[in-house]
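**Student:** Sharing a structure with you now.
Bear in mind these aren't lab numbers, they're just calculated from the coordinates by the rules spelled out. Given the structure is predicted, the values throughout are model-derived calculations rather than measurements. Note that we place each Cβ from the backbone using ideal geometry, even for glycine, and neighbour counts take in every protein chain shown.
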Amino acid sequence: MNSLDLSSATAAQLISALRAGTISSLELTQAYLQRIEKFNPAVNAVVTIDHEGALASAAAADQARAKGAEGPLTGVPLLHKDIFCTAGIRTTCASKMLANFEPPYSATVVEKLNAAGVVTLGKTNMDEFAMGSSNETSYFGPSFNPWDLKRVPGGSSGGSAAAVAAGLAPLSTGTDTGGSIRQPASLCGITGFKPTYGRISRFGIIAFASSLDQAGPMTRTVEDAALMLSAMCGLDANDSTSADVPVPNFHTALNGDIKGLRIGLPKEYFSDMLNADVATSIHAALKELEAEGAILVDVDLPHTRQGIATYYVIAPAEASANLARYDGVRFGHRCDNPTDLMDLYARSRSEGFGDEVQRRILVGTYALSAGFYDAYFKKAQQVRRIISEDFKKAFEVCDLIAGPSAPNVAFPVGAKNDDPIAMYMEDVYTLSVNLAGLPGLSVPAGLINDLPIGLQLIGRPFDEETVLRAGHRLQLRTDHHLKTPQIGADQS
Amino acid sequence: MSWETVMGLEVHLQLATASKIFSGAANKFGADPNSQACAVDLGMPGMLPVLNEQAVRYAVMFGLGIDARIGKRSIFDRKNYFYPDLPKGYQVSQFFEPIVCEGVFQVPLSDGSLFPIRITRAHLEEDAGKSVHDRFPGQTGVDLNRAGTPLLEIVTEPDFRTAEQAVAYLKALHSLVTYLGISDGNMAEGSMRCDINLSLRPTGSDSYGTRTEIKNVNSFRFVEKAIAAETARQQELLEDGVSIVQETRLYDADRDETRSMRSKEVANDYRYFPEPDLLPIVLTDDYIDSVRQALPELPAAKRERFIAQYQLSDYDAALLVSSPDMAAYFEKAVTLCDEPKAIANWMLGDLSAALNKEGIPVSQSPVEPQNLAGLVARITDGTLSSKLGKQVFEALWQGEGSADQIIEARGLRQVSDTGALEKLVADVMSENQDQVAQYRAADSSKQKKLIGFFVGQIMKASKGQANPQLINKILTEALDSD
């Protein structure tokens, strides 16, 4: 396959090759489909492969390029997290509830990426309804970390992260409600970006917690993330919460230095919760940014810990309503031979939803119940505003906030299954960013015993450009993002 | 012990927007089941609501129409409950911050007086679909055409004491919303549905008793009957010393009684919380002013104007303004024939009776305003007696042309020729000499009766065409002269 090593190829490299004509989209697509066939049984990152659709759109992409009608991503293969509705391709949210659901429409993100020219290879594994931090709650079984197949890839966008890490696709989409892009990106050693809430339309993305959900790119490099992000953003009349702000060219925004950029380090992100080796890696990465001219300053995010409780009231509360539509009446799983309406509801939902989803529905229902609303939901909303204010204050003295994406490297499969609270702590550094609606990027910051860990960069609302530029500068200086796990290195 | 009935009403008004409140699907009544429900209405995964601005405008129009405070920042909330015709498992409504806040609605009563009703709030929400129980034996179908229809829920304070007040309020509300053009207010089709919260208390007490809620009463007449039935039921229980259970009840028109809905359906904790998929509705003063400027003349103002401009009675004015079509008909007829009182009488008499009999609205009346004006003009100028007028009206209704054409074709011109009338009088007197003699011997009260007899005979002989005033004059002179 020419000089391209698909186990580590970036989308930018593939675009160059496609432009130069050294490879066709059809060849590229076939090669990735072969890689999926070969490696996916071990990592279980892809749950649906659209073989024919991919080859057809690859052929169309090649024709478009021949006619000079190409878009920015024409012919580049991509995988969608199975939470994005794809017309004609089964969309399951990794749930038994939607195991046979084929939407008659596509998410705005899917439409936009199609318009940019991507070739959709299939759909990736995830935690059921995006509820989880390890990909273990999937109806299709866990996805495994390509760096160590006994370990989790993180979640909920675990399949998307594992797929990019293993070179099953150069690009994948993810969604991030409390860290679901950044934490798996950190654990799989790839780049993952959650932009500002409202940057990307949520239309056609199966809802978990509407006020927190945000889609984003999962890629090998920041440059690829910028390319992909430009194609995903924009005001959407179908999503009232999508933001009416100009969409810059994120790719050109990478140019320029970060001299004098003030990077705030919240002391709460470097507390004793943080693994010492992770802390060392993060500090080393920060040194690199300092060498680029950035200035490190101390900031306070005093309500970081309360963020967890706040998140685990608001997200389940919204989820409890968002998931009420799966009632066995119109679509999705329906139990056999219901005896009456209550039986239809109770059994369809008990059979269709896994344990973690049921747990969160119950928690959310409780938090909204008469007599508890003020103590839980209302209080959580108040704390949410306080957390936003904390960030606002911090951004008075810095331009970016930096810290770890996750408190630790990937943990073994099964290690936290019986301890939901330990699992929830995985997102301690990421979920406040969702509560405040800010852009957050995870970039590889090195390996600890051959397991990756990510640096998180958090920006001001709608200042994705600064976040991406800093991440890009780091990747120009370091090679953490170029390291690939052993499993995918075997050339096909 | 005597009891006082205390009631508050909740009206669900379907707004006549072109599309649904949160989707682009058509908002029309009567289509084939599930033919007007899109992916948003079906609550399909990944679908999101987008607020229909027309629904917001209609709600503000209503608020201004009742002089209520407009909520400048209102929010949508999710009302959570499971039901097969509620596709998302929650209804998007406004619980914490409604778009229309407190106001006072002046309701005209039949005696012409105004009765103020305090409006607590009016909020926007989406309608649910319909469960269809009679189409598939042993099964229930779900029709989601109605799901997502914009509703304005209008809630009053417990200001009603009688069924008459409640019905007057609903009629005034119906009138207001049709003037505003925000709803057809059709109760039979469910465009306007009424819930009645009703309790009893000993007369003179100022605390409230335990109330029941009678759901979805769908006609003015049923509102009246449901109130009577529920009042009687509660009174009987209270007088037997039984306490009232707070519950939701249904009015069964066939049995003329209310009955309890299963408690499972009413013991709901709706777990309201702000709808994260929609932004708050923020209304500027400029926007509210622009809506105010564009409001049509409303029933209360029109009524006052009709009384002042056309010297109509309170009663007639109230009836004429009850619908915008009635009022427009009246004003069109009056511009063609400046006899407001006579036109009002014809409209509220023969025309209304005929329309009611055929069950058609005034907008589809076969007798158009210019026809009625032509008829009244011929009565006023003496061409027609009012009796002949009724004949002409019948012919107008049958579509036989204008009043003048009918008069010409049927030869209905009133006879006012004195010579001809004197001959008629003389003939009738000579044919009824006994009665002439009786008249001349009688006292004045008896004479009046006999005059009636003679006029009747003369009108009969003239086939109704004799001018009654002239006949009276000539007859009296002839009888008194000998």
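**Student:** Say a paramagnetic label sat at a point 7 Å from the Cα of residue B:2, along Cα to Cβ; which residues of segment B:188-206 have their backbone N under 14 Å from it?
**Tutor:** Residues passing the 14 Å test: B:201-205.
**Student:** Quick one: if you stick a label point 7 Å off each Cα along the C-beta vector at residue A:149 and residue A:359, how many nm between them?
**Tutor:** 2.8 nm
**Student:** Another question, then. Apply 1/(1 + (r/R0)^6) to the Cβ-Cβ distance of residue A:60 and residue A:330, taking R0 = 30 Å, and write down the FRET efficiency to the nearest 0.05. Write out the running numbers ahead of the final one.
**Tutor:** Values: r = 34 Å, r/R0 = 1.13.
For residue A:60 and residue A:330, the calculated efficiency is 0.35.
**Student:** Give me the extension gain from residue B:405 to residue B:293: residue separation times 0.36 nm, minus the current Cα-Cα distance, reported in nm with one decimal.
**Tutor:** Working: separation 112, 0.36 × 112 = 40.32 nm, distance 4.43 nm.
Gain on extension, residue B:405 to residue B:293, equals 35.9 nm.
**Student:** Take residue B:387 and residue B:304, extend 7 Å from each Cα along the Cα→Cβ direction, and tell me the distance between the two endpoints in nm.
**Tutor:** Calculated label separation equals 4.5 nm.
**Student:** What residue among B:8, B:50, B:208 has its Cα farthest toward the positive end of the dipole of segment B:3-289, where the charges are +1 on Lys, Arg and -1 on Asp, Glu, each on the Cβ?
**Tutor:** So the residue furthest toward the plus end is B:50.
**Student:** Right, another one. Between residue B:253 and residue A:247, what FRET efficiency comes out of the Förster formula 1/(1 + (r/R0)^6) with R0 = 41 Å and r the beta carbon distance, rounded to 0.05?
**Tutor:** Details: r = 59 Å, r/R0 = 1.44.
It comes to 0.10.
**Student:** Could you work out how far the C-alpha centroid of segment A:1-76 sits from that of segment B:330-362, in angstrom?
**Tutor:** Centre-to-centre distance over Cα atoms comes out at 77 Å.
**Student:** Another question, if that's okay. Determine the shielding of peptide A:84-95 by partner chains: average, over its residues, the number of Cβ atoms on other chains within 10 angstrom of each Cβ.
**Tutor:** Details: counts 1, 5, 0, 0, 0, 0, 0, 2, 0, 2, 0, 0.
Taking the mean over all residues of the peptide, I get 1.
**Student:** To continue, here is another question. With r as the distance between the Cβ atoms of residue B:357 and residue B:18 and R0 = 25 Å, compute the FRET efficiency 1/(1 + (r/R0)^6) and round to 0.05. Spell out each step's value before the answer.
**Tutor:** Details: r = 34 Å, r/R0 = 1.36.
Taking R0 as 25 Å, the efficiency between residue B:18 and residue B:357 is 0.15.
**Student:** Reachable lysines from residue A:123, Cα under 29 Å, same-chain residues fewer than 8 places away excluded?
**Tutor:** In chain and number order, the partners are A:38, A:81, A:96, A:112, A:150, A:194, A:416, A:483, B:88.
**Student:** What are the aspartates and glutamates whose alpha-carbon lies under 18 Å from the alpha-carbon of residue A:393, with same-chain residues fewer than 8 places away excluded?
**Tutor:** Straight-distance partners of residue A:393: A:268, A:298, A:300, A:463.
**Student:** How do the peptides A:159-167, B:49-57 rank, highest first, by the average count of neighbouring beta carbon atoms within 10 Å per residue?
**Tutor:** Details: A:159-167: 34.9, B:49-57: 19.2.
Result, highest mean first: A:159-167, B:49-57.
**Student:** For the residues A:131, A:425, B:1, what sequence is obtained by ranking on other C-beta atoms within 10 Å, fewest first?
**Tutor:** Details: A:131 30, A:425 18, B:1 7.
Ascending Cβ contact count within 10 Å gives the list B:1, A:425, A:131.
**Student:** What do you get for Rg/Rh of the protein assembly as shown when both radii come from the Cα atoms and Rh is the Kirkwood radius?
**Tutor:** Working: Rg = 38.7 Å, Rh = 33.2 Å.
Here the Rg-to-Rh quotient is 1.17.
**Student:** Mean residue ellipticity at 222 nm from the helices of chain A, using -39,500 (n - 2.57) per DSSP H segment of n ≥ 4 over the full residue count, to the nearest 500 deg cm²/dmol?
**Tutor:** Values: 16 runs with 187 residues, N = 492.
Dividing the helical sum by the residues of chain A leaves -11500 deg cm²/dmol.
**Student:** In addition: Find how much the distance from residue B:235 to residue B:315 grows on full extension, using 0.36 nm per residue of separation minus their present alpha carbon separation; answer in nm with one decimal. Present the calculation step by step, with values, prior to reporting the outcome.
**Tutor:** Working: separation 80, 0.36 × 80 = 28.80 nm, distance 3.42 nm.
Full extension from residue B:235 to residue B:315 adds 25.4 nm.
**Student:** Starting from the Cα gyration tensor of segment B:418-481, take the square roots of the eigenvalues, sort them a ≥ b ≥ c, and report rounded, prolate or oblate (rounded when a/c is under 1.5, otherwise prolate if a/b is larger than b/c, else oblate). Display every interim value, and only then the final one.
**Tutor:** Details: a/c = 1.70, a/b = 1.63, b/c = 1.04.
Prolate is the answer for segment B:418-481, as a/c is 1.5 or above and a/b outweighs b/c.
**Student:** Specify whether the C-alpha gyration tensor of segment B:3-289 places it in the rounded, prolate or oblate class, a ≥ b ≥ c being the square roots of the eigenvalues: rounded for a/c under 1.5, otherwise prolate if a/b is larger than b/c and oblate if not. Please list the in-between numbers first.
**Tutor:** Numbers: a/c = 1.72, a/b = 1.26, b/c = 1.37.
Because a/c hits 1.5 or more and a/b fails to exceed b/c, segment B:3-289 counts as oblate.
**Student:** Can you give the mean number of other chain Cβ atoms that lie within 10 Å of the Cβ atoms in peptide A:316-324?
**Tutor:** Values: counts 0, 4, 6, 0, 6, 11, 7, 2, 10.
For peptide A:316-324, the averaged partner shielding equals 5.
**Student:** For a label point 7 angstrom out from the Cα of residue B:118 toward its Cβ, which stretches of segment B:76-107 have the backbone nitrogen within less than 13 Å?
**Tutor:** Only B:102-105 pass the distance filter.
**Student:** What ranking do B:47, A:228, B:187 get, fewest neighbouring Cβ atoms within 10 angstrom at the top?
**Tutor:** Values: B:47 25, A:228 29, B:187 20.
Ascending Cβ contact count within 10 Å gives the list B:187, B:47, A:228.
**Student:** Also, quick follow-up: Grab the Cα-Cα distance for residue B:242 and residue B:445, subtract it from 0.36 nm times how many residues apart they are, and report the gain in nm with one decimal. Please report the intermediate quantities before stating the final value.
**Tutor:** Numbers: separation 203, 0.36 × 203 = 73.08 nm, distance 6.25 nm.
Stretched out fully, the residue B:242 to residue B:445 stretch lengthens by 66.8 nm.
**Student:** Rounded to the nearest Å, what's the spacing between the alpha carbon centres of segment A:154-195 and segment B:440-482? Just the number, please.
**Tutor:** With segment A:154-195 and segment B:440-482 each reduced to a Cα centre, they are spaced 106 Å.
**Student:** Further question on the same structure: Rounded to the nearest 500, what is chain B's calculated 222 nm mean residue ellipticity when only DSSP H runs of at least 4 contribute -39500 (n - 2.57) each, over all residues? Display every interim value, and only then the final one.
**Tutor:** Numbers: 17 runs with 197 residues, N = 482.
Computed ellipticity for chain B at 222 nm equals -12500 deg cm²/dmol.
**Student:** List the residues of segment A:231-261 whose backbone N lies under 17 Å from a point placed 7 Å from the Cα of residue A:297 along the Cα-to-Cβ direction.
**Tutor:** Within reach of a label on residue A:297: A:258-261.
**Student:** Dipole size in debye (nearest 20) for chain B around its Cα centre, Lys and Arg Cβ +1, Asp and Glu Cβ -1?
**Tutor:** 260 debye
**Student:** Which order do B:258, A:124 fall in if you start with the one that has the fewest other Cβ atoms within 10 Å? Let's see the in-between values first.
**Tutor:** Working: B:258 26, A:124 33.
Ordered from fewest to most neighbouring Cβ atoms within 10 Å, B:258, A:124 come out as B:258, A:124.
**Student:** On to the next question. Using Cα positions and a limit of under 17 Å, work out the lysines in reach of residue B:448, with same-chain residues fewer than 8 apart set aside.
**Tutor:** Within the straight-line cut-off, residue B:448 pairs with B:473.
**Student:** Then there is this: Label segment A:88-147 by shape, choosing from rounded, prolate and oblate, from the square roots a ≥ b ≥ c of the eigenvalues of the Cα gyration tensor; if a/c is under 1.5 it is rounded, and otherwise prolate applies when a/b is larger than b/c, oblate when it is not.
**Tutor:** Values: a/c = 2.43, a/b = 1.48, b/c = 1.65.
It is oblate, given that a/c is not under 1.5 and a/b is not larger than b/c.
**Student:** Next up: Quick one: check the C-alpha center-to-center distance for segment B:107-152 versus segment B:201-216, whole angstrom.
**Tutor:** Taking the Cα centre of segment B:201-216 as reference, the centre of segment B:107-152 is 23 Å away.
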